[in-house]
Structure formats: C-alpha cells, structure tokens
Amino acid sequence: MNKEFVKFDKVDKSYDGKILVVKDLQLDIEEGEFVTMLGPSGSGKTTCLMMLAGFETPTHGEIYLDGRAISSIPPHKRGIGMVFQNYALFPHMTVYENLAFPLRVRKIPKDEADKKIDKALSMVSLQGFADRMPGQLSGGQQQRVAVARSLVFDPQLVLMDEPLGALDKNLRESMQYEIKHIHESIGVTVVYVTHDQSEALTMSNRIAVFNDGKVQQLSSPDELYEKPVNSFVAEFIGENNTFAGEVSDISGGKCKVKIANTEILANPISVKGKGEKTKISLRPERALINPSDKMDNIYSGKIEEVIYHGDHTRVRINVLGNNQFILKVPNSSANMDIKLGKDIKIGWNSDDARALDPK
Amino acid sequence: MSSETKQILTTDGIPLEVSLKKAERRNKIKAFLLVAPLLLFLIITYVFPIGEMLMRSVDDKMVTEMLPKTYKAMEKWDGKELPEEEVFAAFHEDFIKLVEEKREGKLSTQLNYTKNGFKSIIKKLRRKSKNFEEGNYKEQIMAVHKRWANVEYWNAIKRRAPAITGQKYLKGMDMYKNETGKIVSVSEDRRIHRILWLRTLEIAFFVTLFCFLMAYPIAHLLATLPMKYSNLLMICVLLPFWTSLLVRTASWMILLQQQGVVNDFFVGIGLVADDARPEMMYNKTGTYVAMTQILLPFMVLPLYSVMKTISPSLMRAGKSLGGTPIVAFWKVYFPLTIPGIGAGCLLCFILAIGYYITPALVGGASGTLISNQIAFHMKSTLDWSFASAMGLMLLTGVLAIYWVYNKLVGIDNIKLG
C-alpha cells in the first residue's frame with residue numbers, strides 16, 4: 001500500500017494575501033484509508049479539501065496524488081469523486097442520469113455504464129429509484145445518490161464535505177455506518193470533512209484535528225481521545241476536566257503540579273521543566289468515586305449537581321477549587337448514595353491526568 | 001348516529017358553519033375594500049379601453065345610421081341589376097336629411113373608403129338635389145353623374161350595411177373584400193402592412209436574440225461575483241433603466257449619426273473613409289442598437305434571479321465528476337437557467353413587438369414598426385378604427401406567442417424574480 005497516496009507538502013493558502021487560512025500543512029494519507037479532517041468552522045479543513053479537489057489552488061507548496069503533483073491539473077482531470085455538503089445533485093436529471101453523467105463524459109459504453117449504475121445503486125440500497133428526480137427523494141435518499149454518484153466511476157479517492165450535515169440525528173448515525181461499510185467493502189481512499197467529532201470517531205481510520213490552519217494532531221480515534229497531545233485537541237474531542245496550574249517538580253515520568261494550595265501528580269506530555277504553566281486534562285470516566293487506595297490522586301469534593309442519564313449519572317463536583325469537575329457514574333446499586341450536597345472522595349491515576357500546554 | 005352528520009354548534013348554539021362564515025365575512029370585506037381601488041383603476045384604465053378599442057375596430061354604425069331607409073329598402077335587392085325606384089327614393093330621403101344636418105361630407109368620406117369616386121359624385125348630387133322634382137328619383141339621380149347609374153357604386157353602399165365589419169382587420173393584412181364579396185389581397189405595390197408585420201417580428205426576434213446573448217454573461221457575472229462588485233455591476237445595469245427613454249434614445253442619435261461620435265472615431269482610426277461614413281441611424285441598425293440597449297435590463301433581471309438560485313456546487317460537482325467546464329456548463333448550468341431565459345425572452349419579445357418611441361425616433365423609413373403605423377393612423381389619418389384593429393391584432397399576436405410558449409415550455413417554467 002502506498003503510504004503517501006495523498007500528500008500535502010508544505011501547503012499554505014491565503015485568500016486575501018493577509019491571513020493564512022492554511023499554514024504549512026504537512027499531511028500524508030495512506031491508500032485505502034478513511035481520514036477525517038475535523039475542526040471548528042474556519043479552521044481550514046474545507047479549504048484543504050477544496051485544494052485537493054482542485055477548486056482552490058495552494059498559495060504555496062504542492063499536493064501530490066499517487067506521486068503526481070496535481071496543483072496544475074484542472075478538477076475534471078483529477079478523477080476524484082466528491083460528495084458535496086448539499087449533495088449537489090443535478091435537479092433537472094433523474095437519479096439514473098445523475099449517475100450516468102460521470103460515465104458519459106468518460107465515454108463509457110451504455111451497457112457497461114448501466115451495469116456500473118446498477119451496482120452503485122445497489123451499494124446504497126436504492127435499486128428501483130433510477131427514474132426518480134432528486135426532488136422526489138428524501139434527504140437521506142439524496143445523500144445516498146450523491147454517494148453513489150461519487151463512486152460510480154471507480155475513483156481512487158473520494159472526498160466528502162460534511163455530507164451528513166443536513167440530515168437529522170438518527171439518519172445521520174445510520175448513514176455514518178453505511179458510508180463506513182461502503183468504504184470497507186470497496187477499499188477506496190476517503191477524505192472526509194466534518195465538524196462533528198462523534199461522526200469522525202465513528203467512521204475514521206485516522207483523524208486530523210484542524211485548528212487555526214494547522215493540523216493539531218493526526219492519529220487514530222482511540223489515540224486522539226485517550227492521548228491528546230495538546231489542550232485544544234483534549235478540549236475539542238470529548239468531555240474534559242481541566243486544572244490550570246504550575247509545574248513544581250518533574251521526575252521519573254511524573255510531574256507535580258501546584259493547583260491552588262495543593263500539589264497533584266500528573267503525566268507530563270508537553271511540559272519540560274519546573275515553573276512552566278500547564279493545563280491538566282482528565283477524561284470524566286477516568287475519575288472514580290470512592291477510589292481504591294492504589295490511585296495516586298485522591299481528593300474529596302462536594303457534589304453540586306446530579307443529572308440522571310439513564311445508564312449513567314453525571315455528577316458535577318467542586319474539587320480543588322474547580323466547580324466544573326464532571327464525573328460519569330454508572331447506575332449500579334453500589335452508587336446509590338450520590339446525593340446533592342454530599343462530600344465524597346474521588347481519585348484518578350496520575351497517568352490519565354495529562355499535563356498539556358496552558359492555552 | 002355518526003358524528004359526521006351531526007351539526008356542530010358553537011357554545012351559543014349557532015351552527016358552526018354559519019358562525020365561521022360570519023367571522024370570515026368581515027375579513028373578506030376588508031380584503032376586498034383594500035383591493036377595490038386597484039380593481040376600479042384597472043377596470044377604468046385597462047379593461048374598459050380595450051373593450052372600447054375592440055368595439056371601435058369593428059364599428060361601422062356610422063353609414064348604417066346615416067342611411068337607415070336606404071338599407072331597409074335595399075334588403076330585397078339582389079345586387080345584380082340596378083336597384084328599383086324604391087331604393088333610390090329611400091336614398092334621396094336619407095340624403096336630404098343628411099344635407100339638412102350638414103353631415104353629407106362624412107358620408108362621402110366613409111363611402112370613399114369603400115370605393116374611390118364617391119366624394120365627387122356626392123358633392124354633385126348635393127348641388128343638383130336642390131332642384132329635384134318629386135317622384136322618379138331613379139332617373140333624376142342617375143342623371144346627376146354616370147357613376148350613379150353604375151351598379152358597382154350601389155353595391156359599395158350595400159357592403160356598408162352591416163353595423164359590424166371586419167374590413168379594418170382585412171386592411172391590416174393588406175386584404176379587402178371585393179365587389180363579389182371575395183377576400184383578396186391588394187395589388188403588390190400597395191402591400192405595406194404585411195411588410196411592417198414581418199419587419200416587426202424580425203426586429204423583435206433579433207433584438208431578443210441580441211439581448212439574450214449580451215445579458216447571459218452579465219447575469220452570470222452578477223450572480224457569481226462577490227457582493228461588493230455585483231452591487232456595482234447591478235447599478236450599472238439599472239442606471240440606464242432609471243434614465244429617461246428619450247434621453248437614452250437621443251444619446252444614441254448623437255453617438256450613431258453620420259457626423260456622430262462613433263463615426264468620427266471610425267474615421268479617426270482610419271477604419272472608414274471620411275466620405276463613406278456608414279449610416280447607423282435612421283434605419284434598421286439604429287433600431288436594433290437602441291432597442292437592444294433599452295430592453296437589456298428586462299433580460300438581465302430574470303436571468304439574474306434564476307442564476308442566483310443555482311448553487312455553485314452544481315458546477316463544481318459537474319467538474320469533479322469529470323465534465324470539462326464546457327460540458328458542465330452545457331449539461332448542468334444551462335438547463336437550469338431555462339426558466340430565466342424563457343421569462344427574459346418572452347418579456348423582451350413582447351415589449352419589442354409593441355415598441356413605439358425608439359423606432360419612431362431612430363428608425364427612419366426602414367426601421368419603423370407596426371406600432372408606428374398605428375400611431376400614424378391615430379394622429380394623422382384619424383382612422384381610429386383602423387388603428388384599433390391593428391392594435392388588437394398586435395394584442396392577439398402577443399397572446400398567441402404567450403400561448404405557444406406555454407405549450408412549448410410551460411408557463412410554470414417561467415421565473416420573473
């Protein structure tokens with residue numbers, strides 16, 4: 001497999017000559033991979049996708065597709081399938097004609113084209129819809145047609161620009177699985193853009209978290225969640241408890257961080273020496289109530305809010321001067337004594353408390 | 001007992017339907033009162049004049065009223081031989097009355113429209129009729145002039161008998177009803193209206209075409225440029241719209257006349273010789289140029305409003321799927337602009353077909369349209385019924401075009417904004 005199937009090499013992009021929307025982007029995508037570009041709006045992820053598709057040109061740097069530099073190749077010669085935000089189905093053509101469009105411009109004979117269209121439609125379970133107009137389809141069905149159309153001409157690379165943004169929650173979730181399964185069954189390389197982290201975590205092999213025109217972290221979903229490399233990623237992905245403080249000691253792969261009047265133990269990720277400001281990030285499910293003595297951070301706090309969520313209960317606790325500390329407690333009979341205003345003991349392992357940059 | 005058949009009552013015991021109608025009535029009256037002024041205005045300024053125009057174009061009561069007894073007497077006459085004494089006597093009686101009321105001049109004008117030569121013999125009849133003796137009017141009238149003894153002239157009078165006539169419409173098509181009642185074309189050297197109709201259609205067609213060719217790229221630019229520039233461009237499109245039609249037409253006259261700015265420029269750069277300046281004004285060219293410029297906004301605006309709704313991602317989709325920019329444009333963008341094209345073309349064509357002021361000013365002899373002919377009959381010949389007839393023919397033509405368009409493209413497929 002080609003490790004550098006898509007390669008962004010030192011790519012800069014500016015629209016107005018004043019602000020860089022994409023800064024010195026370095027990104028390699030493996031063949032057959034499902035990579036998601038995730039980030040808040042304005043982070044440059046869609047711009048990257050548009051540069052890859054050929055609708056925007058890099059201000060500096062080069063993009064390679066399968067070893068070829070593509071900056072000077074116009075979009076229609078790149079052979080990249082694309083699913084647009086609002087599907088961009090041709091409203092005056094039937095589903096069949098929409099799918100036939102990329103095949104016709106490639107002068108593929110009709111019987112062969114028909115086979116490909118049938119195959120693509122069955123892939124998205126829309127057999128029998130060939131003669132409908134896009135306007136007669138529901139949002140989910142239009143979405144499937146758009147996916148089928150982007151795949152019908154067997155491109156090596158498919159780009160998806162927030163394709164599920166317009167669907168309601170249930171449909172969005174089922175489409176996520178469907179797109180993931182299609183990707184797994186045909187092995188096409190997919191670059192997917194979204195601002196929805198759960199979508200990214202569900203579907204991707206790897207996720208590139210964008211912020212401020214830069215890739216903050218590029219790694220698999222579990223690593224991204226468990227081991228964020230900076231505060232932005234930690235806060236952007238999933239829920240997060242934070243403590244801001246100052247490093248007072250580093251030794252033996254652990255560090256002590258001074259918070260308010262106490263010192264807590266943490267895992268030094270981006271801090272190097274004493275006196276540095278830091279922000280400690282801790283996932284809510286990594287902190288336990290009534291912890292065993294083996295945990296190296298144990299403190300007591302006061303329950304300020306209890307929200308029942310069915311399978312678990314969210315508990316907001318005031319601990320170490322942080323009254324936004326969230327705990328997720330499974331609803332088992334052992335945890336029945338969680339009551340508002342009670343003082344409880346909570347603890348976590350110092351490995352899970354990641355001392356990151358103070359931003 | 002089913003609940004559907006049971007009459008539902010309000011809490012006061014009034015049937016619900018009655019109560020609903022009562023509640024709605026006030027709103028209906030209010031709504032009607034709000035539109036009433038406009039309705040009245042439309043009836044007075046639009047429906048009534050058109051009805052009046054229709055009446056006038058077929059109205060031929062004048063002669064019928066002037067010669068009531070003659071026509072009564074003529075009913076039995078077959079028109080082959082000269083009529084009997086009875087008809088002559090009735091005609092004499094009608095004529096004397098007209099002379100007393102000093103209306104015989106009008107009669108002679110009207111009859112002269114039908115057949116040339118009536119004017120002089122009516123004048124002569126008026127002079128001689130003072131000395132007529134009672135009885136045997138046939139002999140006496142025939143003695144006035146030999147045309148009075150010609151059966152064709154009596155037939156011409158008879159042809160004017162019906163109070164309603166279509167002859168103005170025939171005249172508008174360069175045709176007339178001859179002595180035997182057959183509809184024939186006028187001699188070739190006198191056919192002016194057909195040429196004018198064809199020229200009107202031709203100029204309207206080409207003006208629409210030119211407008212379309214120029215407006216399409218402008219509208220596309222307007223729809224795709226960033227707001228900052230598109231607003232400026234929109235003002236450039238609309239600015240002429242806000243300028244007086246006369247001013248614009250006059251400025252074209254200044255630009256295009258033989259000693260005008262454009263010709264001076266051509267001579268200046270050596271494109272044409274000073275003594276061979278092309279005529280661009282007071283002919284078809286002038287009409288084309290000025291009308292295209294004036295009607296351009298009517299094409300730009302519907303196109304723009306349609307193009308504005310076309311998502312730019314559609315063109316991108318077309319390209320990303322492998323279509324060259326031309327294919328993507330032709331297969332994706334263009335078909336989606338058809339509602340705007342239809343609206344713009346229909347609007348331009350219909351406006352162009354009835355255009356008056358510009359062709360009148362810059363058209364010269366070869367660039368005038370049917371509307372100028374209508375105006376000519378309104379103002380110069382005072383043949384209002386003929387002007388009305390041509391106006392209605394124009395209106396019918398426009399409605400026919402609208403109908404054909406509806407059949408071909410469908411009127412729902414039109415978008416004006």
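All of the numbers you see were taken from the coordinates with simple rules; none came from a lab. As the structure is a computational prediction, the values presented were derived from the model and not from experiment. Methodologically, a virtual Cβ is constructed for each residue, glycine included, from the backbone with ideal geometry; neighbour enumeration extends over all protein chains shown.
Before moving on, here are some points about what is shown:
- Estimated FRET transfer efficiency (B:Ser187, B:Ile96; beta-carbon r; R0 41 Å; 0.05): 0.65
- Cβ charges +1 (Lys, Arg) and -1 (Asp, Glu), total dipole of chain A, debye: 360 debye
- Neighbour counting of Cβ atoms within 10 Å sorts the residues B:Lys69, B:Lys138, fewest neighbours leading, into B:Lys69, B:Lys138.
- Among the listed pairs A:Lys214/B:Lys319; B:Lys119/B:Lys177; B:Lys106/B:Lys379, those whose Cα-Cα separation exceeds 24 Å are A:Lys214/B:Lys319.
- Mean partner shielding of peptide A:69-78, defined as the number of other chain Cβ atoms within 10 Å of each residue Cβ, is 3.
- What you get for region B:105-255, charging only the Cβ of Lys and Arg (+1) and of Asp and Glu (-1), is a dipole of about 900 debye around the Cα centre.
- Projecting the Cα atoms of A:Val35, A:Val95, B:Gln167 onto the dipole axis of the protein assembly as shown, where Lys and Arg carry +1 and Asp and Glu carry -1 at the beta carbon, places B:Gln167 farthest toward the positive end.
- Coil-residue GluC sites (Glu not before Pro) of region B:169-218, DSSP, other Cβ within 10 Å capped at 16: B:Glu179
- Modelled spin-label separation between A:Glu97 and A:Arg68, with each label point placed 7 Å from Cα along the Cα-to-Cβ direction: 3.0 nm.
- Each residue in B:Met390, B:Met53 was given a count of other beta-carbon atoms within 10 angstrom of its own, and listing them fewest first yields B:Met53, B:Met390.
- Rel. contact order, % - alpha carbon contacts under 8 angstrom, at least six apart, region B:61-161: 35 percent
- Computed over chain A, relative contact order equals 15 percent, with contacts defined as Cα pairs under 8 Å that lie 6+ residues apart.
- The mean count of C-beta atoms from other chains within 10 Å of the C-beta of residues in A:91-100, rounded to a whole number, is 2.
- DSSP-defined antiparallel bridges as percent of all bridges, the protein assembly as shown, nearest 5: 75 percent
- Per-residue average of Cβ from other chains inside 10 Å of A:275-281: 0
- Label point at B:Asn150 placed 7 Å out along Cα→Cβ; residues across region B:113-128 whose backbone nitrogen lies under 17 Å: B:113-125
- Residue exposure sequence - B:Thr285, B:Thr200, A:Thr59 - by fewest surrounding Cβ within 10 Å: A:Thr59, B:Thr285, B:Thr200
- Averaging the sequence gap over all C-alpha pairs within less than 8 Å and six or more residues apart, then dividing by the number of residues, gives region B:118-266 a relative contact order of 8 percent.
- For chain A, adding -39500 (n - 2.57) for each run of n ≥ 4 DSSP H residues and dividing by the number of residues yields -7000 deg cm²/dmol at 222 nm.
- Between the listed residues B:Ala149, B:Leu82, B:Leu107, the Cα displaced farthest toward the positive end of the dipole of region B:61-161, a dipole computed from Cβ unit charges relative to the Cα centre, is found at B:Leu107.
- Simple label model, 7 Å out from Cα along Cβ direction - B:Met227 to B:Ile43, nm: 4.6 nm
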